[in-house]
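> The structure follows.
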Amino acid sequence: MLPDDRVYAYSAVLMGSPILLKLFAHNESLASRVFRLIKQQENILTVNRPHSDIMAINLAAGSHAVAVSQPVFTLIQRAKAVSLLPDSAFNFTIGPLVKRWKIGFSGNSVPPASDLQALLSLTDPRQVILDEQAQSVFLQQAGMEIDLGAIAKGYIADVVRDFLRQEGVEQALINLGGNVQTLGASHTNQENATPSGWAIGLKTPFAAADALIGVIHVVNKSVVTSGVYERYFQHQGRCYHHILDPRTGYPLDNELHSVTVICDDSIDGDIYTTLLYGMGVEQGLAHLANVPQIEAIFVTRDRQVICSSQRQFAFELLDDRYRLK
Ligand code: ADP
Ligand code: MG
Ligand code: MG
């Protein structure tokens, strides 16, 4: 095995998250280019600042269409398609509700039900008109807002992976705060040339930041986790977290504390964490039985860890308060 001191870690804070890049050669300038690339993408896709391509679309809601670059158009097409799946918990027009709840930002309170009801009328993905010729996006009603928060990090993780590949990098890990993408293996066993997996920690919900339920081992895969414990506030004994149910306007309420998705592309992982969150364990497992390229780990409130098929990863349980099923 290559000793761990061959791994060079670079970190930054971008997109409101700690970002970690691991390389097997000391290469400060490559790391800077990766961080610049992430910053560029963030500037295009964010809705947490006054200016971005997405904000331009949102500001023109009810008024006019806005042309965007080809990759952004393709990303929005994908987000719309996923939002239109039957019973989808994923809805990229959830922006007005996200802004109203402000979960993860200061000034949280539970909005009156009538406010949420009114805002639900602004979250219809069919009212996002995409013109393929003009590569433009038009939100039909004033007040509508696209929010790519549930897909952007996955998309950007893949952009970084593709960039590193182009640069000839064969082994790397990029962690965009819950969205991990890996290139190749973390080690190669020198004796039998077997690649060993990257070890990615699965956090214990509502515990110290470094507390782990277990470790996920993957080679050349993306690992995306969405948990209710990352951004939330409490009010009158209830926990309100940042994944909203587009059918009710309230945070998704079920037996789950987190969902982790293991697959090739991080964009799929990011989309699927939200979809599976909406499905819950039973329906989620049934759904995944027909989608072999997507695998998942569900963590429930009552401390069960439930894995789907495990062809693309291995899971090692560390916390004996949890039961592995
Ligand atoms: P994480 O923030 O842990 O990466 P997600 O990938 O699920 O979690 O993204 C959550 C973000 O997506 C929220 O902060 C919000 O911006 C947006 N969002 C919230 N609910 C939904 C939803 N039902 N569909 C699509 N996007 C959502
Ligand atoms: Mg995400
Ligand atoms: Mg997501």
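The values are calculated or read from the model by the stated rules, or taken from the named source; none is laboratory data. Keep in mind that this is a model prediction, so the values were computed, not measured. Please note: Cβ atoms are built from the backbone with ideal geometry, for glycine as well, and neighbour counts cover all protein chains shown. Surface areas here come from the heavy atoms of the whole protein model, side chains and all, with no ligands, DNA or RNA. Shrake-Rupley method; radii C 1.70, N 1.55, O 1.52, S 1.80 Å.
> Hey, how many Å between the Cα centroid of the stretch 194-235 and the Cα centroid of the stretch 267-325?
Centre-to-centre distance over Cα atoms comes out at 12 Å.
> A follow-up question, please. Taking θ = phi - 60°, what integer Hz values does the Karplus form 6.51 cos²θ - 1.76 cosθ + 1.60 yield along the stretch 202-218, in sequence order, with x for Gly and Pro?
In residue order, the calculated couplings are 9, 5, 7, x, 6, 10, 4, 4, 9, 6, 10, 6, x, 10, 9, 10, 9 Hz.
> Okay, next question. Can you tell me, using C-alpha contacts under 8 Å and at least 6 residues apart, the relative contact order of the stretch 53-139 as a whole percent?
44 percent
> Say each of C239 and E282 gets a label point 7 Å from the Cα, pointing the same way as Cα to Cβ; how far apart are those two points in nm?
The answer from the label model is 2.2 nm.
> Using mean Cβ contacts within 10 Å as the protection proxy, how do 256-262, 223-229 order, highest first?
Packing proxy ranking, top to bottom: 256-262, 223-229.
> Using the heavy atoms of the protein chains and a 1.4 angstrom probe, tell me the accessible area per residue for the stretch 53-139 in square angstrom.
46 Å²
> Moving on. What is the set of long-range amide H partners of L14 at a cut-off below 5 Å, with H atoms built 1.01 Å from backbone N?
It is I19, by chain and number.
> Add -39500 (n - 2.57) for each DSSP H run of 4 or more in the chain, then divide by its residues: what number comes out at 222 nm, to the nearest 500 deg cm²/dmol?
-9000 deg cm²/dmol
> Follow-up question, since we're still on this one. Where is the GNM fluctuation largest for the chain (alpha-carbon springs, 10 angstrom cutoff): P292, P71, P205?
Among P292, P71, P205, the largest GNM mean-square fluctuation belongs to P71.
> Show me 165-177, 145-157 ranked by packing, highest mean number of other Cβ atoms within 10 Å first.
By packing density, highest mean first, the sequence is 145-157, 165-177.
> In terms of modelled amide H atoms, which long-range or inter-chain residues lie less than 5 Å from the amide H of Y232?
Those lying under 5 Å, H to H, from Y232 are G104.
> Let me ask another. Let me know the charge dipole size of the chain about its Cα centre in debye, to the nearest 20, where only the beta-carbon of Lys, Arg (+1) and Asp, Glu (-1) is charged.
The calculated dipole for the chain is roughly 500 debye.
> Also, quick follow-up: For the stretch 53-139, which whole-number percentage of the solvent-accessible area (1.4 Å probe, protein heavy atoms only) is attributable to carbon and sulfur atoms?
55 percent
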